[in-house]
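Reviewing the structure listed below.
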Amino acid sequence: MFLFSQARQYVEQYQDEKRIFRLKEHRILFIFGLLIAFLFVPFVGPDYLFNAILVPFLVLALAGLGLNILTGYTGQLSLGAAAFMAVGAFATYNLELRIPQLPLLVSIFLGGIIAALAGIVVGLPSLRIKGFYLIVSTLAAQFFVPWLFTQYGWFTNNNASGVITAPRMEILGYSINSPVGHYLLTLSTVVVLTVLARNLINSQYGRNFRAVRDMETAAITIGIPVSQTKLLAFAISSFYLGIAGALWAFAYLGTIEADGLDLNRSFQILFIIIIGGLGSLTGSFLGAAFIVLLPILLSVLGQAVFGQAIDQALLQNLQKIIFGGLIIYFLIKEPEGLSRLLRNLYHRLRKWPLRY
Amino acid sequence: MKLFKSLWFWLVVVAIALIAIVFVTKKDKQNPPEQKQQAATEQQTQLSDKNAQYFPLQSYRVGPYAAGGTGFFGGFIDYMKAVNAKGGVNGVKLVWSECETEYVVEKGVECYERLKNGLNGAPAAATNPLSVGIAYATLERSTKDKLPLITINHGRTDSTDGRVFPYVFPLQLNPYSEVSAIINYLGQQSGSLEKLKGKKIVVLYHGSPYGKETIPVIEILSKKYGFEVTNIEVPHPGNEQQSQWLNIRRIQPDWVILRGWGVMNPVALKTAQKVGYPTNKIIGNIWSNSEEDAAPAGAAANGFISITTHPSGTNFPILQEIKQLVIDKGQSDLADTNRFGTVYYNLGVVNGILNVEAVRVAQNKFGKRPLTGEEVRWGFEHINLTEARLKELGAYGLVQPLKLTCEDHEGGGAVRFQQWDGKEWKVISDWVQADRALLRPIIEQSSEKYAKEQGIKIRDCATEE
Amino acid sequence: MSFFLEVLLGGTLAGVMYSLVAIGFVLIYRASGVFNFAQGSLVLFSALTFVNLTERGIPFVVAFIVTLFVIFVLVLLIDALILKHLINRSVITLFMATLGLSYVIEGLAQTVWGTQVHGLDLGISDAPINFFGIMLSKFDLFATGIAGTLVIILSLLFSKTRFGISLRAVADDPLAAQSVGIRLNHIWILVWTVAGFVALVAGLLWGARLGVQFSLSLVVLKALPVLIIGGFTSIAGAILAGLIVGATEKLAEIYLGGIIGSGIENWFPYVLAILFLLVYPTGLFGQKQVTRV
């Protein structure tokens, strides 16, 4: 009922089935939203919003997208997401350092490719190992990659402490080193990659992914090339994670430290897709928003309600408990996560005042 | 009516509203700066939140390093409370707020961004994250925002060169000085530095940037004095060290320098006992020197030596003041007041003394009011803690004499050695100075390389006042 | 040569400690098919509870029993709030639920008992004894003894008691077990409590070695390769795999580490696990899984 009706918008051709947004109004709203994000927010946002909320939200959403392709759509549980982010970050740094003629965007893209190659290597055991035992492969990567980068000084340009500062960034001569610049770079990358991911999921490859997830033996029986599908999933997922890692290092923190992308980060990304909804692209965004905003909200709330008297340690532990509790709650009540909840809400609104 | 049902209509309305907001906020951005300056120049005699200097605290009270964090920030906060109880800094009240980082880098960055603008109008003086990772991540931001970043007893070694890092201060001791001072002490113990020739030293370090920071300088020192050095890494977090210590036993070094952090320290001591290496030949560095590092190892820690820039204990006038004004009134920040006087607590107090002294020195120049970060930086660069001044502050013996300048953001570089006797640390040596003349060229080389990489113009300290 | 033997034996004994933690996993997996990632936080929680009780002056045995009781209550809560609602879900869902649970237990443990480091003294020192020229730690030998006793107790439990046989029935075929009249819920609660008991023992031993503090829950990361190599369903596999992992880890650190760089202890067990899995896809003694369409 609200604002627009679905009347007279039928799918008549196959191409229309594959479109990202079926309704014309959805497309208009999406573009309008993009315009707001690109044009309005940079003018009015305070620095804190960009530096501490929007950029990490976008980067984590991208990482969640990547992991979702692997775990949500293809069913291969991976605990090594942060390792691929680290590969992407270090690869981009080294490319920028050693081949300074490369434009920034090309280095980021190549960093993603290198991460994809690493993903294929890590995904190889999945051809033989099935089910739960697969976590060992990604965990091995998760512990091996930080060790590799801290052990061999070549990766960090022989920096004594192993922490590198990201070099100045510029695109086509314009310096993008301000918070707004970081934000716009991240936003454009994420939008482009999300559209690509959506199209991928809607294609034959996406259907192959879901077939492998739902019942692998049946997929083999009807002739889907399962090994190639799995490796492709690993590769694409790592590509996304690698780019997310490069953005994490360059656009958000400004430093690249292998220890910052450790097992806890992998768990965080896993939580993003669980809370957001496994197998849902909007779910990655919702989960990332949740994970970025919840700690800040709790901290601000704690200070507002208790003032200085609140014990920080207590607050932190409470946050951990709330996190864990929410994961369990979502798994029990709504296994498809926030995206399903929001979709239900949206549909109820559309049909209001009718019920069904 | 049909207009109201059209999607385009509502989109146009929203667009017009947003454009209006953009114009309004553009105008607003020009107004507030004028108001801030007016508030800052008012002076009031009573301590009030309107006339306050703010210290943002990126503290960590949970996670694997909680013991260090709770002690350090407890000491810092207690000192500030004591200063407030005595009338503030020339009438300016000290205020602070905490933001939990859990020692995780991006939380530290988020806290920094949230708190850097001050609290209710009180401008921020300096940040004290007590974490190498967070310091690295906020280094550029601090320089851009003109807010001093204090990394007491640790930090990025080349930030000692204030010409390239005007806003970063590794107060008292940087990692290179730490190692150099230990070698000088070992030289003393052997009779003289020349007698170190041919001896074997093992450095057991934590597998993290902090642990690796000093490998180059120990190699340089080993070449200079002719001793053999082996660097052995313990992967984070350091729960298992058996192979490393078996290796050490095979090498049979004369000393082991322990550069640990957190759980690595007690495990190292226990494993040393297990392989039979004598504890009194293990020298711990500045982050392996607290009660929380030695006590969990039980009897295995007896005889463990470590360095400290300040003794533990409560026998100093300033600490007695804190006890009187804060602890006995039940207002201490510590959950367990038995930790009063422990190493981390005293480090927090020392940090407080140095931060407040910088504010005081800057106030003498700029006026007795809340100061901006830039002014506090001037204050830090002109800290001159002579013995007389230390006696005035009640910290003689607790803090070493310290003189900072524009080029030298470290100031001290001297340590004392203490030994664990099962219950507490007992100081066993006098001040041992690091070889700063040897270290300075290395530091300058590294900082100049950084300046070139990042395109920073090196300050000319002679021309600044 | 004696150095090699020393590293080998020392590593093997250290591996026993890993096995202790892995046994807890195996118990729960066999009975309910749940891979309980929260075992690590259970270790932390039980050790913290015990230490705080003994520090308040309560004698050892009483504190032990009280901690067991607390674990039992915790298990009841877990069953009522979580396990009951997740009965027919996929393995991944259950795993992620236990992941969330581990966060909750960790946060709870630190809220209730604080974040201080506690030393734990079991009365056995770490001083080495000389065994034909090789130094073996007294503590490690003590731990091995405890582990052996535990395994004997558990195997007696499984073969001689009614509960044990019910457990094996449930592991074999839950539906058939129910039709014979075995209350699944009761079995699960009991198994989780036994796993909690194992976690308590492991927590005490690890706590005596490391001190009781937050990184205790990280020992689970070392137990995972042990679990994977030994197979999720076999206690004997867990013990054997623990010995293998302990020994190879230390040997690799010293010999391989000299060549490719130190600090490989963290990832070497995992790479070893991958190699094992390529040959034995379900671990050394794990059950083969048959998939049907």
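Model label sites at B:Lys423 and A:Leu196, defined 7 Å from Cα along the beta-carbon direction, differ in position by 6.7 nm. Leaving out same-chain residues fewer than 8 places away, which aspartates and glutamates sit with a Cα under 17 Å from that of B:Lys329? Cross-link targets: B:Asp78, B:Glu321.
For chain B, the longest principal axis of the alpha carbon atoms and the long axis of helix B:105-115 meet at an angle near 40°.
Taking the number of Cβ atoms within 10 Å of each Cβ as an exposure proxy, the fewest-first ranking of C:Asp79, C:Asp173, B:Asp293 is C:Asp173, C:Asp79, B:Asp293. Take the Cβ atoms of C:Leu122 and B:Gln433, set R0 to 41 Å, and the FRET efficiency comes out at 0.40. Sorting B:Cys99, B:Cys111, B:Cys461 by the number of Cβ atoms found within 10 Å of their own Cβ, with the fewest placed first, yields B:Cys461, B:Cys99, B:Cys111.
Along the stretch B:162-175 the Karplus relation, 6.51 cos²θ - 1.76 cosθ + 1.60 evaluated at θ = phi - 60°, assigns HN-Hα couplings of x, 6, 9, 10, x, 10, 10, 10, x, 4, 6, 7, 9, x Hz to successive residues, with x for each Gly and Pro. Candidate membrane-span-like segments in chain C, meaning DSSP H helices with Cα atoms spread over at least 20 Å of their own axis and a Kyte-Doolittle mean of 0.0 or above, are C:2-32, C:39-55, C:60-81, C:91-113, C:138-160, C:184-210, C:235-251, with no membrane implied.
Rounded if a/c is under 1.5, else prolate if a/b is larger than b/c, else oblate: which is chain B, with a ≥ b ≥ c the root eigenvalues of its Cα gyration tensor? In terms of gyration-tensor shape, prolate.
Label zone of C:Phe72 (point 7 Å out along Cα→Cβ, amide N under 11 Å): in the stretch C:146-166 this covers no residue at all. From its DSSP helices (H runs of at least four residues, each -39,500 (n - 2.57)), chain C gives a residue-normalised ellipticity at 222 nm of -23500 deg cm²/dmol. Residues C:Ser179, C:Ser32, ranked from the fewest to the most other C-beta atoms within 10 Å, line up as C:Ser179, C:Ser32. Taken along the Cα-to-beta-carbon direction at a fixed 7 Å, the label points for A:Leu49 and A:Arg350 span 2.9 nm.
For the stretch A:111-126, putting each phi into the Karplus relation 6.51 cos²θ - 1.76 cosθ + 1.60 with θ = phi - 60° gives couplings of x, x, 4, 4, 4, 4, 4, 4, x, 5, 4, 5, x, 4, x, 5 Hz, in residue order, rounded to whole numbers and with x for Gly and Pro.
The orientation-averaged shadow of the Cα convex hull for the protein assembly as shown, equal to a quarter of the hull surface, comes to 47.3 nm².
Only Lys, Arg, Asp and Glu carry charge here, each on its Cβ (+1 for the first two, -1 for the last two); on that basis chain C has a dipole of about 840 debye about its Cα centre.
A Förster radius of 25 Å, combined with the Cβ-Cβ distance separating A:Thr221 from C:Gln287, puts the computed FRET efficiency at roughly 0.55.
Using a simple spin-label model with pseudo-atoms 7 Å out from Cα toward Cβ, B:Glu374 and C:Val180 lie 8.3 nm apart.
Charge dipole (Cα centre; +1 on Lys/Arg Cβ, -1 on Asp/Glu Cβ; no other charges) of the protein assembly as shown amounts to roughly 2980 debye. Using alpha carbons only, how many degrees (0 to 90, rounded to 10) separate the axis of helix B:264-275 from the longest principal axis of chain B? Tilt relative to chain B: about 20 degrees.
Sequence-ordered 3J(HN,Hα) estimates for the stretch B:431-445 from the Karplus curve with 6.51, -1.76 and 1.60 and θ = phi - 60° stand at 5, 10, 8, 7, 8, 5, 5, 6, 7, 4, x, 5, 4, 5, 4 Hz, glycine and proline given as x. The calculated FRET efficiency for the pair C:Arg56 and B:Ala299, based on their C-beta separation and a Förster distance of 30 Å, comes to about 0.85. One equal scatterer on each Cα of the stretch A:21-261, no solvent, Debye formula: the resulting log10 I(q)/I(0) at q = 0.09, 0.14, 0.15 Å⁻¹ is -0.41, -0.93, -1.04. Counted residue by residue at 0.36 nm each, then reduced by the alpha carbon distance between them, the extension gain from A:Leu39 to A:Ile120 reaches 25.3 nm. Each DSSP beta bridge with both residues in the protein assembly as shown is either parallel or antiparallel, and the antiparallel ones are about 45%.
A short reminder: the numbers here are calculations on the coordinates, not readings from a lab. Please read these numbers as outputs of a predicted model, since none were measured by experiment. In this analysis, Cβ positions are derived from the backbone assuming ideal geometry, glycine residues included, and neighbour counts consider all displayed protein chains.
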